[in-house]
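Enquirer: Here it is, the structure, as structure tokens.
Only the coordinates and a few stated rules stand behind these numbers; no lab work does. Computed from a predicted structure; not experimentally measured. Positions of Cβ are generated from backbone atoms using ideal geometry, with glycine treated the same way; all protein chains shown enter the neighbour counts.
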């Protein structure tokens, strides 16, 4: 599904998520711009059987107190299988998700600091990190330009 079709799907699904379609339409250019910088239209996200995303907590070697929760997004099912030991857990599966949907859902997941979009075979060094805080800032600026408002608390 190309980016335009993904955005249309998000807008059409907005009322079911408790959001006005206009709000999703207002942030659509930002989601599309970020998604357009990545190599794939969809990625595989590791999820539990209850459809919760698998979080990985990373800590700094220099500052062990500093931690962040990331979600890895794999470019293919094979990359997810080889790039994560979690896939061997029978309670975890890798499911494809459109890129704009990943970005949109990330906004509602406060424990998630970022999503690392892996572009190669699954090695952590070949990824692009997209921070939730950066997306929120860009969307906030987009909404101020178009609506003079702020991010609704129930956005995703």
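Enquirer: For the chain, what's the relative contact order in percent, using C-alpha pairs closer than 8 Å and at least 6 residues apart?
Expert: Relative contact order comes out at 24 percent.
Enquirer: Here is a follow-up. Which value in nm describes the separation of the simple spin-label points at residue 108 and residue 67, placed 7 Å from the Cα toward the beta carbon?
Expert: So the two model labels end up 2.5 nm from each other.
Enquirer: Still on this structure: If I fit a long axis through the Cα atoms of helix 21-36 and take the longest principal axis of the Cα atoms of the chain, what angle between them do I get, 0 to 90°, rounded to 10?
Expert: Compared with the principal axis, the helix lies near 40 degrees.
Enquirer: For residue 2, project a label point 7 Å along Cα to C-beta. Then give me every residue of segment 33-74 with its amide nitrogen under 14 Å of that point.
Expert: The answer is 36, 41.
Enquirer: To continue, here is another question. Note the angle between two axes, namely the Cα long axis of helix 99-108 and the longest principal axis of the Cα atoms of the chain, as a number of degrees from 0 to 90, rounded to the nearest 10.
Expert: The helix 99-108 is inclined about 80 degrees to the chain.
Enquirer: Would you look at the GNM of the chain, springs on alpha carbons closer than 10 Å, and say which of 76, 59, 114 moves the most?
Expert: Result: 59 has the largest fluctuation of those listed.
Enquirer: Something else now. Take every Cα-Cα pair in the chain and report what % of them are more than 21 Å apart.
Expert: Percentage above 21 Å: 47.
Enquirer: Further question: Mind checking the angle between helix 132-146 and the chain's longest principal axis? C-alpha axes, 0 to 90 degrees, to the nearest 10.
Expert: For helix 132-146, the angle is close to 10 degrees.
Enquirer: Let me ask something else about it. Once the Cβ-Cβ distance between residue 78 and residue 146 is put in as r, and R0 is 41 Å, what FRET efficiency do you end up with, to the nearest 0.05?
Expert: After rounding, the FRET efficiency stands at 0.50.
Enquirer: I would also like to ask the following. Using the beta-carbon distance between residue 50 and residue 131 and R0 = 30 Å, what value does 1/(1 + (r/R0)^6) give for FRET efficiency, to the nearest 0.05?
Expert: Values: r = 25 Å, r/R0 = 0.85.
About 0.75, to the nearest 0.05.
Enquirer: Using 0.36 nm per residue of separation minus the Cα-Cα distance, give me the extension gain between residue 32 and residue 9 in nm, one decimal.
Expert: That pair, residue 32 and residue 9, stretches by 7.0 nm at full extension.
Enquirer: Quick one: check the C-alpha center-to-center distance for segment 6-21 versus segment 30-79, whole angstrom.
Expert: Answer, in whole Å: 23.
Enquirer: Between residue 138 and residue 17, what FRET efficiency comes out of the Förster formula 1/(1 + (r/R0)^6) with R0 = 22 Å and r the beta carbon distance, rounded to 0.05?
Expert: Once rounded, the FRET efficiency stands at 0.65.
Enquirer: Given just the C-alpha atoms of segment 70-117, how large is their convex hull per residue in cubic angstrom?
Expert: 83 Å³
Enquirer: Using a Gaussian network model on the chain with a 10 Å cutoff between Cα atoms, which of 90, 20, 98 fluctuates the most?
Expert: Sorting by GNM fluctuation, first place goes to 90.
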